[in-house]
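Engineer: Pasting a structure below so you can have a look.
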Amino acid sequence: MRTLLIDLDGTLVDPAAGILAACQYALEKLGFRAPEAAELHWIIGPSLRSSLQQLLGPKGDAEEGLRLYREHYAAGGLFNATVYEGVETALDELQDGGTTLYVCTAKPTAFATRIIDHFGLSRHFSSIYGAELTGRFDNKSELIAHMIATEGFEARHAYMVGDRSHDVIAAAAHGIPTLGALWGYGGYDELASAGAVTIVDRPASLPAAVASLCESQAAKA
């Protein structure tokens, strides 16, 4: 049995419109000039708490920024997203091939669950794992450790799918190889530099990439 941990933002859905608008709202409420949306794409994927701190500076109140962000996001911004073309078919193929799927995201579980349900993706996943609203599991490596302890799967039979370097690094801390999602926000250089074992150009190619990686690892065993 193989296990796939799949990131949410930038991997399953393109969340840019909702996330960036909520971030701009929070910054403006705090009296900061909000950058244009094109300048904020880097915040998609990593812990928002740390990204807001970077935007506000060392003396800025990231917790208040996060509260304001969530105020806007929870009011409907979380659904201002789009499922990437080919994702649902890829998830079906992976499940049909005997792969157990989990969502593994830095987004709070409370939001991630609503998004997955809203877009009709729940049937594909055994469970949804994310950060807690308090900040616990903002560190994705700690989240994956929690998943392993809770679900009992073997890291040597698991793979990560994500679009940012922090996905790759967090999974590697547990000996889990990552398939980089090139359709997301990290880009080839970021994923390759972080150590992604393979980089997939579109969701439709993901099942074949997983199968190829499994065969390659089996041949080395």
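Engineer: To the nearest Å, what is the center-to-center distance of region 174-209 and region 101-149, using C-alpha atoms only?
Structural biologist: One Cα centre to the other: 19 Å.
Engineer: Turning to a different aspect of this structure: Under a straight-distance cross-link criterion of Cα-Cα below 30 Å, which lysines are reachable from LYS59, leaving out those fewer than 8 residues away in the same chain?
Structural biologist: LYS29, LYS107, LYS140
Engineer: Ranked highest first by the average count of other Cβ atoms within 10 Å around their residues, in what order do 25-34, 200-209 fall?
Structural biologist: Ranked by mean Cβ neighbours within 10 Å, highest first: 200-209, 25-34.
Engineer: Can you list the trypsin sites (Lys or Arg not before Pro) in region 49-121 that are in a DSSP coil and have 14 or fewer other beta carbons within 10 angstrom?
Structural biologist: Within region 49-121, the qualifying trypsin sites (Lys or Arg not before Pro) (loop, at most 14 other Cβ atoms within 10 Å) are LYS59.
Engineer: Specify the angular offset, from 0 to 90 degrees and rounded to the nearest 10, of the alpha carbon long axis of helix 62-74 from the longest principal axis of the alpha carbons in the chain.
Structural biologist: With both axes taken from Cα atoms, the answer is about 70 degrees.
Engineer: Moving on to the next point. Helix 140-151 versus the longest principal axis of the chain: what is the Cα-based angle in degrees, 0 to 90, to the nearest 10?
Structural biologist: 50
Engineer: Still on this structure: Suppose a student asked you for the relative contact order of the chain, using Cα pairs under 8 Å spaced at least 6 residues apart; what percent would you report?
Structural biologist: Relative contact order comes out at 24 percent.
Engineer: By how many degrees, between 0 and 90 and to the nearest 10, does the Cα long axis of helix 206-220 differ from the longest principal axis of the chain?
Structural biologist: With both axes taken from Cα atoms, the answer is about 50 degrees.
Engineer: In Å², and per residue, what accessible area does region 32-106 have when probed at 1.4 Å with the other protein chains present?
Structural biologist: Accessible surface, normalised per residue, equals 48 Å².
Engineer: Still on this structure, please answer the following. Antiparallel versus total DSSP beta bridges in the chain: what percent is that, nearest 5?
Structural biologist: Bridges in the chain that DSSP calls antiparallel: roughly 10 percent.
Engineer: Continuing with this model, one more query. Carbon and sulfur: what percent of the chain's accessible surface (1.4 Å probe)?
Structural biologist: Carbon and sulfur: 50 percent of the exposed surface of the chain.
The values are calculated or read from the model by the stated rules, or taken from the named source; none is laboratory data. A quick note: this is a predicted structure, and the numbers were derived from the prediction, not measured. Heads up, the Cβs are rebuilt from the backbone with ideal geometry, glycines too, and the neighbour counts pull from every protein chain shown. The area values use the complete protein model at the heavy-atom level, side chains included, leaving out ligands, DNA and RNA. Shrake-Rupley method; radii C 1.70, N 1.55, O 1.52, S 1.80 Å.
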